[in-house]
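Student: Following this message is one structure expressed as structure tokens.
The numbers here are math on the coordinates, done by the rules we state, and not lab data. Source: prediction; values computed, not measured. Quick reminder, even Gly has a Cβ in these numbers, built from the backbone with ideal geometry, and neighbours come from all protein chains shown.
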Amino acid sequence: MFRVYQCPQCRNIGYAPVEQESDESRCSLCQSIVLHEPGTIYAATIQEAKSNVKELVVHSSQRKERGGSGRGLGIKKRVYYIVEALIDINRGRPVTVDAVLRECGDAGIDLNKAMAFLEKLESEGLVTRNGIHLLISGEVS
């Protein structure tokens, strides 16, 4: 089975194979230990885990947008985190611009703004575009 998680250290959303709920796993981004907590989601297949991760990314983006103190995450950071999450789901391989825009739309981000911020991230050297594919090449601050 697969544990779907949001890392308590770096807030990365991903999934990891586990034999049972009591097993520990590691964050795919920062390698911190991820343990079972009440409300943890488990999936039987990789496809189900990927689907759950996508839902968690969208839910997490919406929760940050609605609540919290101050203005929350800016659109640029949200777009960056969507690119990062999709690459993580894709096991480090590049993702298409279309997939990113689809996720941005699902997260309630205007597609024109999403495209503008993708171009801004690219001009700042944080995202690299190779044709229709995107890769992370820097850390957003």
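Student: State, to one decimal in nm, how far the label point of D106 lies from the label point of R93, with both points 7 Å from Cα in the Cβ direction.
Tutor: 1.8 nm
Student: Sticking to Cα atoms, compute the Rg of the stretch 1-52 to one decimal and its Dmax as the biggest Cα-Cα distance, whole number, in Å.
Tutor: Calculated on Cα positions, Rg and Dmax stand at 9.8, 26 Å.
Student: If you don't mind, another one. Quick one: net charge of E37's neighbours, Cβ under 14 Å, K/R +1, D/E -1? Show your work: numbers first, answer last.
Tutor: On the way: positive: R3; negative: E21, D23, E24.
Taking every other residue near E37 into account, the sum is -2.
Student: For V127, enumerate residues with amide H under 5 Å from its amide H, sequence gap 5+ or separate chain, H modeled in the peptide plane.
Tutor: Here E122, S137 satisfy the definition.
Student: In debye to the nearest 20, how big a dipole does the stretch 1-52 give about its Cα centre with +1 on each Lys and Arg Cβ and -1 on each Asp and Glu Cβ?
Tutor: In debye, rounded to 20, the stretch 1-52 gives about 260.
Student: Please list, in chain and number order, the residues 5+ apart from V34 or on another chain whose amide H is under 5 Å from its amide H, with Hs placed from the backbone.
Tutor: Sorted by chain and number, the residues that satisfy this are S25, R26, C27.
Student: Tabulate in residue order the Karplus-calculated ³J(HN,Hα) for the stretch 88-101, using 6.51 cos²θ - 1.76 cosθ + 1.60 with θ = phi - 60°, rounded to whole Hz; enter x for Gly and Pro.
Tutor: Each residue's phi maps through the Karplus curve to give 4, 4, 7, 6, x, 7, x, 10, 7, 4, 4, 5, 5, 5 Hz.
Student: Something else now. Take the Cα radius of gyration of the stretch 1-136 and divide it by 2.2 N^0.38 Å, with N its residue count; two decimals is plenty.
Tutor: Normalised by 2.2 N^0.38 Å, the Cα Rg of the stretch 1-136 equals 1.06.
Student: Sticking with this structure for a sec: Equivalent-ellipsoid semi-axes (√(5λ), Cα gyration tensor) for the stretch 71-130, whole Å, largest first? Intermediate values should be presented prior to the final figure.
Tutor: Numbers: eigenvalues 53, 36, 24 Å².
Its equivalent ellipsoid spans semi-axes of 16, 13, 11 Å.
Student: With +1 on each Lys and Arg Cβ and -1 on each Asp and Glu Cβ, and nothing else charged, work out how big the dipole of the chain is about its Cα centre, in Debye to the nearest 20. Mind showing how you got there, number by number?
Tutor: Numbers: 18 positive and 18 negative charges, 90 e Å.
Approximately 440 debye in magnitude.
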